[in-house]
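A.B. asks: Structure below; questions to follow.
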């Protein structure tokens, strides 16, 4: 028995060594050859062991015949099963290769086809991850295209908004040089107002660039700010502007002593509220009203709402309302129209304070809702 065990062990080891050599030789060829070799090596090891044991008369010829027939059948079955398995793996691999080749094509025809095949679980998992990667790439491409379109639109809009006042300044300067303007003081006053408006536009662009650069770009100091006091200040500053346009500006604050404290930059928050309220006044007709409401939600967060009487916003415009440089009105360049940056700056300020901003239509107008985390 010891001789039988030793002979069988040595024969199996020798066969395994030859199988490893064969696997190394076919490693660069199709996977099915490696699968066939892996399936045949154990059978060849058993066959070689039987042959040597028969030669040494450890096994009778009658028994060896039965074992040989069984091994021959097992060899045929092993080869066939290995070919079927290798075909499945090869088909799945080709499908994955085709999917990887078409990965840059958003609407590639290979999406999900590997999962419809009877592929092994590992290849199915790779196919699922590949489809998820394709979805992420499509989303990234859509965002990149949207950012590029927004950038082009902003450059075009800003070029128009800067060209119009510059043309006016040039006309006024030429008129003053030629002496054809009688009221020089009025011309100088108009030039100063135009310069102030251009300076405000450039300031908005710098502010928007700083907000998009992230918190690491020279963040302003943060402190405890009372939104109730901030709302009173904003309403006080814009009340004269609202009266000039014939718009009633109202403020609704909590009846208790809750000052609605938040941690942030008072200048940035005041600018965001000023942009929202100023935008509401600008789009409300004479005789209408703008309401600034402050309060606390049930979850403790602070809510600021600006409701105007603009008559409502088309549903297809709501998703673009906070885009940089976008305006629903095609007319640009007038002083009353603004530069289309106010709402984008307001959104950037709110999000930099870990808050959220949204807009929805209400009867007679629309409402901008700002939600900020509470402090204190």
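Please treat every number below as a calculation from the coordinates, not as lab data. Values in this document were obtained by computation on a predicted structure and should not be read as measured data. Positions of Cβ are backbone-derived with ideal geometry, glycine not excepted, and every protein chain shown enters the neighbour counts.
A.B. asks: Would you list 347, 32 from fewest to most Cβ contacts within 10 Å?
C.D. replies: Values: 347 24, 32 18.
Least crowded to most crowded, the residues run 32, 347.
A.B. asks: Listing 159, 82 from the residue with the fewest other Cβ atoms within 10 Å to the one with the most, what is the order? Let's see the in-between values first.
C.D. replies: On the way: 159 10, 82 19.
Least crowded to most crowded, the residues run 159, 82.
A.B. asks: Still on this structure, I have one more. Working out 0.36 nm times the residue gap between residue 319 and residue 369, then minus their Cα-Cα distance, what length gain in nm do you get to one decimal?
C.D. replies: Numbers: separation 50, 0.36 × 50 = 18.00 nm, distance 1.45 nm.
Here the answer is 16.6 nm.
A.B. asks: For 233, 196, what's the fewest-to-most ordering of other Cβ within 10 Å of each Cβ?
C.D. replies: Details: 233 15, 196 10.
Ranked by crowding around the Cβ, least crowded first: 196, 233.
A.B. asks: Multiplying the sequence separation of residue 170 and residue 296 by 0.36 nm and subtracting their Cα-Cα distance, what value in nm do you get? Could the numbers behind the result be given before it?
C.D. replies: Details: separation 126, 0.36 × 126 = 45.36 nm, distance 5.12 nm.
Full extension from residue 170 to residue 296 adds 40.2 nm.
A.B. asks: How far apart, in nanometres, would the label points at residue 303 and residue 360 be if each is projected 7 angstrom from Cα along the Cα-to-Cβ direction?
C.D. replies: Label at residue 303, label at residue 360, 0.9 nm between them.
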